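Everything below concerns the one structure shown next.
Any read-out appearing in this document is the output of simple, stated calculations on the displayed coordinates, not a laboratory observation. Fair warning: this is a prediction, and the values are worked out from it, not measured in the lab. Cβ sites come from the backbone with ideal geometry, for glycine too, and all protein chains shown count toward neighbours.
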């Protein structure tokens, strides 16, 4: 929060730096995110081999990116919940379960998108 008052290009540079730190932290601490990035890396060439339609390509790529986005948000929720306290609390468990459900829903959407376009 020390750079919150920055404006213009400096703010943009700081935002990029913090975002990169977020990717690095998620990559380091979240196995699921690493797996989703690997799926993304496999999906990119597959998209160009399996379809010639640019709209279909965008939908296929976006569905995998959506999974990674939801995973980033879920990881942030889990980090905040773990920071608040290690003792079990019903609301903490609920927050983590809801984040996990969001990831599962995004994965189901990605699978449905790939099946509907490619089958």
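The table that follows gives values for the structure above.
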| item | result |
| --- | --- |
| Cβ-based exposure ranking for 28, 113, 51, in which fewest neighbours within 10 Å come first | 28, 51, 113 |
| For a label point 7 Å along the Cα-to-beta-carbon line of residue 42, residues of the range 86-119 with backbone N under 16 Å | 107-108, 110-112, 114-115 |
| Contour excess over end-to-end distance, with Cα ends at residue 54 and residue 112 and 0.36 nm allotted per residue | 19.1 nm |
| Sequence ranges 6-18, 92-104, ranked by mean other-Cβ count within 10 angstrom, highest first | 92-104, 6-18 |
